[in-house]
Amino acid sequence: MEMYQELTAGPAIFQMGVPAQETLPATLLARMRAQAVRAEVSAPAIYPDPRGELALRREIAAYLALARGIECAPSQIIVTAGFSGGLGLALRVLGLEQKKAWMEDPGFPFTRQGLALARLSVAPIPVDADGIDVDYGMKHAPDAALVVVTPGQQAPLGSTLSLVRRSRLLDWAAQSKAWVIEDDYLSELQLKGRATPALASLDRAGRVIHIGSFSKTVTPALRLGFVVAPAALASQFAEAAACLAPAPGPAVQRAMADFMREGHYLRHLRRTKRVYAAQGDALLKYLRARTANIALAGLAAVLQLTDGAPDLAIAREAARMGLAPTPLSLWYASNGPVRPGLLLGVATSPLKRIEASCDRLLQIIDRLT
Ligand SMILES: Cc1ncc(COP(=O)(O)O)c(C=O)c1O
């Protein structure tokens, strides 16, 4: 919980994993949520569908077909409390206690911890410019029952899982009857070029559980995400949702459904992408002129530090100045090689603050390395 609180405190410049305050259509969302709350309290007091509101599941299915290449029915969709809620639900349904799971290394620390809490043993699998190294996994942990991946934009190094590796991963999963959890945390929010279709869109054997989230695309305060269950598992997911993890309350879902149906979501994504792309370019340009080891990855700039550099201490020192870079070393499995670095959130780097914030951060790095 301490690491969770430290990494999610804020808001602050460079904070990763949260969207920009400035691009959120706050007035519109507030109006839609107020309307939905009024409708909720004046409706009869009955239990809502534990899979989530049909109106939202329909909108999500339509969006996924359009933007992520996934053909699914609303009955395969379960609305959850973000990606984390979806991961918890999937792990309950799959029942993989004591089994082995491949996990990207580096990879999202809370997923690693979530797998351990669900009593899986985590096999760290290296990541390169083509995404997770599937051959490494097949060689070193062929008996795994699960793999959790971020194929769209690897978290945190940003690479897209190549088509060759996608096929190898899906073939391996089909042959060895392993499950694949696709963490599509950024959806189509990609700063350069078009986002590749989801891994689930290529899954012919029904092995991929796709999990999406509105945390990065709208705001994590909604705590809204969704699971797309393979058709054969849809009823098991529905039962687990009903008995163990029902969808969040209807009002927030209805508001999101209206936001999507009226076209605001797609407009918001387009605008957000433009703003983030400009901020990302400016951040990269300023830092490139001062250090060689910088690259954009997903919605962050990755600043590699020299071996042994104390990225955690640098991040803590920066926090005292209102900056919140994330130490890269925290994203590595504790028992393997670790590359120190800092992840600088693009969304939380407004153009006006970039130069002064970078200067301050570079001074701290100089002082502590
Ligand atoms: C890779 C990755 N997956 C999932 C999440 C969490 O998403 P949610 O807020 O929907 O639980 C994050 C949030 O930072 C993330 O970086």
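The values are calculated or read from the model by the stated rules, or taken from the named source; none is laboratory data. Just so it is clear, the structure is predicted and the values come from calculations on it, not from any experiment. So basically every Cβ, Gly included, is an ideal-geometry build from the backbone, and we count neighbours across all protein chains shown. Note: accessible area is taken over every heavy atom of the protein model, side chains too, but ligands, DNA and RNA are not part of it. Shrake-Rupley method; radii C 1.70, N 1.55, O 1.52, S 1.80 Å.
Give me a count of the residues in segment 209-240 that are in a helix (DSSP H, G or I) and within 16 Å of the ligand (Cβ to nearest atom).
Residues of segment 209-240 in a helix (DSSP H, G or I): 220-222, 231-240.
From what's left, within 16 Å of the ligand (Cβ to nearest atom): 220-222.
So the answer is 3.
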Quiz item: Which of (1) within 15 Å of the ligand (Cβ to nearest atom); (2) open to solvent by 20 Å² or more (accessible area, probe 1.4 Å) does Leu199 not meet, given it meets every other one?
Solution: (2)
Quiz prompt | Selected residue (only one of Val275, Val338, Val346 is surrounded by fewer than 20 Cβ atoms within 10 Å (Cβ to Cβ), closer than 30 Å to Ala26 by Cα and hydrophobic (A, V, I, L, M, F, W, C)) | solution = Val275
Quiz item: Does Ile70 fit the bill of being surrounded by 18 or more Cβ atoms within 10 Å (Cβ to Cβ) and within 16 Å of the ligand (Cβ to nearest atom)?
Solution: no
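Out of segment 127-144, which residues are small (Gly, Ala, Ser) and surrounded by fewer than 20 Cβ atoms within 10 Å (Cβ to Cβ)?
Filtering segment 127-144 for residues small (Gly, Ala, Ser) gives 129, 131, 137, 141, 144.
Residues satisfying the conditions are Ala129, Ala141.
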Quiz item: When both residues are 6+ apart or on different chains and their Cβ atoms are under 7 Å apart, which pairs have a first residue that lies in segment 13-29 and is assigned to a helix (DSSP H, G or I), and a second that is aromatic (Phe, Trp, Tyr)?
Solution: Leu29/Phe259
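From the residues in segment 88-103 that are closer than 27 Å to Gly158 by Cβ and open to solvent by 10 Å² or more (accessible area, probe 1.4 Å), which one is nearest to the ligand (Cβ to nearest atom)? Working first, answer last.
Of all residues in segment 88-103, those closer than 27 Å to Gly158 by Cβ come to 88, 90-91, 100-103.
So of that shortlist, the ones also open to solvent by 10 Å² or more (accessible area, probe 1.4 Å) come out as 88, 91, 100.
Numbers: Gly88: 10, Leu91: 14, Lys100: 21 Å.
It comes out as Gly88.
Please determine whether any residue of segment 204-224 is at positive phi, over 12 Å from the mean Cα position of the chain (by Cα) and at pLDDT below 95. Spell out the reasoning first.
Of segment 204-224, the ones at positive phi are 206, 223.
Now narrow it down to the ones that are over 12 Å from the mean Cα position of the chain (by Cα): 206, 223.
Still in the list and also at pLDDT below 95: none.
No: zero hits.
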